[in-house]
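Here is the structure we will look at.
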Amino acid sequence: MFLKTELQWNVVIPAESLDAKGLMLQKAIIVRLLDDFAERKATKDLGYLLALTTVEKIGEGKVRQHTGDVLFPVTFSAISFKLFRGEILKGVVHKVLKQGVILRCGPIENVYLSSSKMPDYNYVPGENPIFLNAKSSKIEKGTTLRFIVIGAKWLEAEREFQALVGLHADYLGPVSGAPSASMYDLP
Amino acid sequence: MSGEEEENAAELKIGDEFLKAKCLMNCEVSLILEHKFEQLQQMSDDPRNQVSQVFEKSLQYVKRFSRYKNADAVKQVREILSRYQLTEFELCVLGNLCPETVEEAIAMVPSIKAKGRVHDDEVIDKMLNDIAMIKKFD
């Protein structure tokens, strides 16, 4: 799910840059904030940080005793992406393995769908391995799947999420990429 | 997110802070990210150098999975769904997946049929018809 939240971060401006006043200082603070934002990439609470939308307020600066740098509290709005357990959404198959498939969903590359969560689908090995069910519904690289999130794990070291998903409920499985078609438009 | 209750979006157990957070549909995010990308294009030769992998992948994703492409249609979807006493989360899941039948809608967002909610099948059916109308003029 894409979320829009208001955040408050502290931006540190080094002593050297403080000659700038007014708009120049404001610009320096925003540029610094954008850099910090891009570097942060993702947090456990908000998920992946996509874009900063608006800067609401820049608070009064506080001088840091030993360095002479100034800390500015900045309030801003940002968009993030996070997967919630029980959420249903779409992803694209990126890799097909005997144990299941790996999907991509939004900024997340490691979405795992185990074969045990693909009821009635069987693995068909080959140069282009696929999963197939009795009704000839195919799951292969590039297939769009509608799935339910079983769990999402935050990996602190890599600063990314891993997710486990499944197709074990109604209306889940391959869907057409085209907007008007539904899963049930089968001959 | 409190540690005691296990997270489950199907029951709207997603943590108090998220129940109140603003959620965005893919089509809304698409408009925002595309606009940002255009702004960057005006500032430099190759905007892709300026955006993170996270941004680029997300932009590709929302462009692909947006049901409504133009700003007016996107606004209309939000407006229409907002009339139906849904949480932000439920609204966006429905706007993203565009279920075609009442049964499918309930499967996508089971919480709308939870005890105490006001959505009987007729109401859900009307809601789906209202959104379906927008698609035709997109």
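Restricting attention to the stretch B:48-81 and to residues that are over 23 Å from A:Ile108 (Cβ atoms) and buried (at least 16 other Cβ atoms within 10 Å of the Cβ), the residue that is modelled with the lowest pLDDT turns out to be B:Tyr68. Within the stretch B:86-99, residues that are more than 18 Å from B:Met133 (Cα to Cα) and within 11 Å of chain A (Cβ to nearest Cβ) have Cβ atoms under 9 Å from residues that are surrounded by fewer than 23 Cβ atoms within 10 Å (Cβ to Cβ) and basic (Lys, Arg) in these pairs: B:Glu88/B:Lys20; B:Glu88/B:Lys22, counting only partners at least 6 apart in sequence or on another chain. Among the residues examined, A:Glu87 qualifies as within 9 Å of chain B (Cβ to nearest Cβ), in contact with a strand residue (DSSP E or B) (Cβ under 8 Å, 6 or more places away or on another chain) and acidic (Asp, Glu). Looking only at the stretch B:104-138, count how many residues are free of Cβ contacts under 8 Å to residues at least 12 places away in the same chain, within 14 Å of chain A (Cβ to nearest Cβ), out of contact with any helix residue (DSSP H, G or I) (no Cβ under 9 Å at 6 or more places or on another chain) and not basic (Lys, Arg). Residues that pass the stated criteria total 1. Considered as a group, the residues in the stretch A:144-161 that are away from every other protein chain (no Cβ under 12 Å) and in a loop (DSSP other than H, G, I, E, B) include one that is nearest to A:His94 (Cα to Cα), and that residue is A:Glu158. Residues of the stretch A:109-136 that are at pLDDT 95 or above and in a strand (DSSP E or B): A:Val111, A:Tyr112, A:Leu113, A:Ser114, A:Asn122, A:Tyr123, A:Val124, A:Ile130, A:Phe131, A:Leu132. Counted as qualifying within the stretch A:1-84 are the strands (runs of 3 or more DSSP E) with 1 or more residues that are hydrophobic (A, V, I, L, M, F, W, C), touching a Gly at 6+ places or on another chain (Cβ under 8 Å) and over 30 Å from B:Asn26 (Cβ atoms), namely A:2-13, A:70-81.
Per the conditions (1) surrounded by fewer than 12 Cβ atoms within 10 Å (Cβ to Cβ); (2) within 14 Å of chain B (Cβ to nearest Cβ); (3) at pLDDT below 90, the sole criterion not satisfied by A:Thr54 is (3).
Conditions (1) of a type in the set (S, T, N, Q); (2) crowded, with 16+ Cβ neighbours inside 10 Å; (3) modelled with pLDDT of 95 or more, marked per residue:
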position: A:Val70; (1), (2), (3): no, yes, no
position: A:Arg85; (1), (2), (3): no, yes, no
position: A:Lys90; (1), (2), (3): no, yes, yes
position: A:Lys95; (1), (2), (3): no, no, yes
position: A:Gly100; (1), (2), (3): no, yes, yes
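Taken over the stretch A:121-143, residues that are in contact with a Lys or Arg (Cβ under 6 Å, 6 or more places away or on another chain) and within 21 Å of A:Ile88 (Cβ to Cβ) amount to 0. Per the conditions (1) part of a helix (DSSP H, G or I); (2) surrounded by 15 or more Cβ atoms within 10 Å (Cβ to Cβ); (3) at pLDDT below 95, the sole criterion not satisfied by B:Tyr84 is (1).
The values are calculated or read from the model by the stated rules, or taken from the named source; none is laboratory data. Just so you know, these numbers come straight off a predicted model, no measurement behind them. So basically every Cβ, Gly included, is an ideal-geometry build from the backbone, and we count neighbours across all protein chains shown.
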